[in-house]
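Take a look at the structure below.
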Amino acid sequence: MALSSEKNIEKALEYYTFKSKKLRAFINENNSLTVEQIIDSGKELEILEYKITALEVVEEN
């Protein structure tokens with residue numbers, strides 16, 4: 001894999017990991033989330049985790 005592609009994958013992985021941690025912190029620190037906010041946050045977290053997993057697989061290969 002080209003060096004620039006590896007660097008892009010690393011940057012994307014860092015970005016999505018940061019977003020995931022930020023969202024988890026938001027969910028865990030909020031005691032007044034509505035059901036809709038919890039569901040929406042869960043859906044967003046699921047997408048982020050999928051992207052992280054996919055990037056980790058690409059990075060390993």
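The values are calculated or read from the model by the stated rules, or taken from the named source; none is laboratory data. What you see is a predicted model; the values in this text were computed from it and never measured. Remember, those area values only see protein heavy atoms, side chains included, never the ligands or the DNA or RNA. Shrake-Rupley method; radii C 1.70, N 1.55, O 1.52, S 1.80 Å.
For Rg/Rh (Cα atoms, Kirkwood Rh), which listed value, (1) 0.91; (2) 1.20; (3) 1.12, comes from the coordinates shown? Calculated Rg/Rh (Cα atoms, Kirkwood Rh): the matching label is (3).
Of all accessible surface on the chain at a 1.4 Å probe, what whole percent is carbon and sulfur? Within the chain, the accessible surface is 54 percent carbon and sulfur. Roughly how tilted is helix 35-60, in degrees to the nearest 10 and between 0 and 90, from the longest Cα axis of the chain? The two axes meet at around 10 degrees. Per residue, the chain exposes 81 Å² of solvent-accessible protein surface, assessed with a 1.4 angstrom probe and all protein chains in place.
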